[in-house]
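Working notes, beginning with the structure itself.
Computed from the coordinates by the stated procedures, all read-outs in this text should not be read as laboratory data. These numbers come from a predicted model, not from an experiment. Backbone-built Cβ (ideal geometry, glycine too); neighbour counts: all protein chains shown.
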Amino acid sequence: MTNGQPKIRIRNLHKSFGSNQVLRGLNLDIGVGESVVVIGGSGSGKSVLLKCILGLVTPEEGSIQIDGKEVVHISERDREELLKQFGMLFQSGALFDSLKVWENVAFGLIQAHGMPRKQAKGVALEMLASVGLDARVAEMAPAELSGGMRKRVGLARAIATSPKVIFFDEPTTGLDPIMGSIIDRLIVHSVKQMQVTALSITHDMASARRIADRVAMLYNGEIIWDGPVAEIDNADNPHVDQFIHGKAEGPIQMQVRKP
Amino acid sequence: MAALDALALLGRTFLKFLEATGRLAVFVWNAFSRAWRPPFYFRAVGQQMIDIGYYSLPIVGLTAIFAGMVLALQSNIGLARFEAETQIPEIVAFSITRELGPVLAGLMVAGRIGASMAAEIGTMRVTEQIDALVTLATDPFRYLVFPRLLAGLITLPLLVLVADVIGIFGGFVVSVQTFGFNPANFINKVWDYLVWDDIFDGLVKSSVFGFIVTLMGCYQGYYSRGGAEGVGRATTNAVVSASILILVADYFLSALMFGV
């Protein structure tokens, strides 16, 4: 982590859905310009963590600070202002079906930043070019795109507003290894070029190694290990060891029925 | 024990009803209280007005013309018993403007627009598109919900105005072609008989129906859960709840406006 005040500071975060307690006192700092990847099994609460930071769900307890300012219970208006400095790549792309590809990419510029449509289209085409998509794709509907193209359009949309923080939710899930590698390279390139703070969640270790400066492992609602990506293979933690090597046996017990 | 169980069931149902009513009220409050802050989505309102009004014209027009025609046929049978067949124009005009125009248009739009809104917003919900809107610093209530509610309030009266004309024309066609009415006489009787309140009150009713249809479509879609099945359920709920609420509201509005 970089020195000084972290960009995002999370303390003692609790969130449950009914009787299912997903986050149980999670603590995490993300430094300015740092790329942190949170790893963890399916259902471990990685997506909930992102949604808590973005204000899509409200935690029951705990603190989330952005640039030192508490953001858990801020007003809708303040949250809208705050989110103007955020970008997000969703697992499914979450592209707007009713809009063309370029309108998806330009959406934040037009709606939230008030940029004229013509000018926003120019920026959208530049963004699409930066992720390897040409002007022909810009006029297509999201339904006409492949999985890899949807991710690229999602990435272009996430970076179009020049955010200071970008979240990546399972950026390579559902992609073949080559396309996964391409997406990771685009993420690293975008993050370094724009000097943004990045928080990614994934269970794809190859992807995590490519895009992370630092890795944090989420298990049982808490961060149980946190360190530079280069040190993950030497982490003296049986949970991390089991997870990164994909071992069936170990302290992490998956809830599966025996045949 | 059985009596206690029944009482508990009644209590649970009542609490669920209160919860749903409260949630609906908060939904409406969110939509209207946030709408006065810029940016304003005029393009979205215009698009919704076209969807609700222009694209519903064929189905509403068809419903209205046949309603007017059957009304003239049935009125002739009933009025013949009192040798009052000459009153057909008044009966058609009165029934269409006050009742059949708003209610039939409301029900047709509930089936067409309410369902499509619930499906569209429901799909956006389950595919994280609404979450994406939030992350793009766009309030879904202002961008998705309010333009639809406003378009429903404004557009349905316009649609009903057209439906009124088409419905009366249906009655005119049957009266002239089947019962040998003098065309000019029919038009004069309608013109002389109808008062502004008949039309205006029908339009006020239709505005309320437009609000109900769009509210149910948005509300059911916004809170849909559970993938495709959840979206299907939201769509059904939107149409059923809007249809029932239209009929309930119709009674109370009629009692209120027409002084029953």
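Can you give the Kirkwood hydrodynamic radius for chain A, in Å, rounded to one decimal and based on Cα pairs?
Hydrodynamic radius (Kirkwood, Cα pairs) of chain A is 19.0 Å.
In segment B:68-106, what GluC sites (Glu not before Pro) fall in a loop by DSSP, with at most 14 other Cβ atoms inside 10 Å?
Numbers: sites: B:Glu83, B:Glu85, B:Glu90, B:Glu99; in loops: B:Glu83.
Sparse-neighbourhood loop GluC sites (Glu not before Pro): B:Glu83.
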Open item on the list: I need the per residue convex hull volume for the protein assembly as shown, using only the alpha carbons, in cubic angstrom as a whole number.
Closed with: 221 Å³
Open item on the list: Can you show me the helix-derived [θ] at 222 nm for chain B, built from DSSP H runs with n ≥ 4 at -39,500 (n - 2.57) apiece and divided by the number of residues, rounded to the nearest 500.
Closed with: -26500 deg cm²/dmol
Open item on the list: So for each of B:136-145, B:57-66 I average, over its residues, the number of other beta carbons within 10 Å; can you give me the resulting order with the highest mean first?
Closed with: B:136-145, B:57-66
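Under 14 Å from the Cβ of A:Ala206, count the other residues' Cβ atoms, weight Lys and Arg +1, Asp and Glu -1, and hand me the total. It would help to have the intermediate numbers written out before the result.
Working: positive: A:Arg185, A:Arg209, A:Arg210; negative: A:Glu170, A:Asp176, A:Asp184, A:Asp204, A:Asp233.
Taking every other residue near A:Ala206 into account, the sum is -2.
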- [ ] Using a cut-off of 15 Å between beta-carbons, work out the net charge of the residues near B:Val92 (Lys and Arg +1, Asp and Glu -1, B:Val92 not included).
- [x] -4
- [ ] Place +1 on the Cβ of every Lys and Arg and -1 on the Cβ of every Asp and Glu in segment B:124-241, take the dipole about the Cα centre, and give the residue among B:Gly202, B:Val160, B:Ser241 whose Cα lies farthest towards its positive end.
- [x] B:Ser241
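Jot down the per residue volume, in cubic angstrom and as a whole number, of the convex hull over the alpha-carbon atoms of segment A:162-236. Mind showing how you got there, number by number?
Details: hull volume 7.7 nm³, N = 75.
So the per-residue Cα hull volume is 102 Å³.
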- [ ] Tell me which residues come under 5 Å, amide H to amide H, from A:Gly31 once H is placed; ignore anything under 5 positions away on its chain.
- [x] A:Thr2, A:Lys7
Task: Charge tally in the Cβ shell below 13 Å around A:Glu81, where Lys, Arg are +1 and Asp, Glu are -1, A:Glu81 excluded - done: +1
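I need the calculated FRET efficiency for the pair B:Ala255 and B:Val70, taking r as the beta carbon distance and R₀ as 25 Å, to the nearest 0.05. Could the numbers behind the result be given before it?
Numbers: r = 26 Å, r/R0 = 1.03.
After rounding to 0.05, the efficiency reads 0.45.
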- [ ] Please give, to one decimal in nm, the separation of the simple spin-label points placed at A:Asn237 and A:Ile178, each 7 Å out from Cα toward the Cβ.
- [x] 3.5 nm
TODO: Please sort through the DSSP H helices of chain B and keep those with an alpha-carbon extent of at least 20 Å along the long axis and a Kyte-Doolittle average not below 0.5.
DONE: B:2-33, B:57-80, B:146-177, B:196-222, B:227-257
Task: Hull-based mean projected area of segment A:39-165, where the convex hull spans the alpha carbons, in square nanometres - done: 9.0 nm²
TODO: For segment B:172-231 and segment A:119-193, compute the distance between their C-alpha centroids and round to whole Å.
DONE: 47 Å
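Taking the beta-carbon count within 10 Å as an exposure proxy, list A:Arg77, B:Arg112, B:Arg81 from fewest neighbours to most. It would help to have the intermediate numbers written out before the result.
Details: A:Arg77 11, B:Arg112 18, B:Arg81 8.
Sorted ascending by nearby Cβ count, the order is B:Arg81, A:Arg77, B:Arg112.
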- [ ] In vacuum, with every alpha carbon of segment B:41-257 counted as one equal point scatterer, what does the Debye formula give for log10 I(q)/I(0) at q = 0.15 Å⁻¹? Two decimals, please.
- [x] -0.89
Open item on the list: Between B:Asn182 and B:Leu10, what's the calculated FRET efficiency when r is the beta-carbon distance and R0 is 45 Å? Round to 0.05.
Closed with: 0.15
Task: Packing-based exposure ordering (other Cβ within 10 Å, fewest first) of B:Ile121, A:Ile74, A:Ile178 - done: A:Ile178, A:Ile74, B:Ile121
Task: DSSP-loop GluC sites (Glu not before Pro) across segment A:177-259, with at most 12 other Cβ within 10 angstrom - done: A:Glu249
TODO: Return B:Phe42, A:Phe243, B:Phe200 ranked ascending by Cβ neighbour count within 10 Å, so the fewest neighbours appear first.
DONE: B:Phe42, B:Phe200, A:Phe243
Task: 17 Å tail of the calculated P(r), segment A:29-107, as % of Cα pairs - done: 58 percent
Open item on the list: Run lengths n ≥ 4 of DSSP H only: what is the helix-derived mean residue ellipticity at 222 nm for chain A, with -39500 (n - 2.57) per run over all residues, to the nearest 500?
Closed with: -10000 deg cm²/dmol
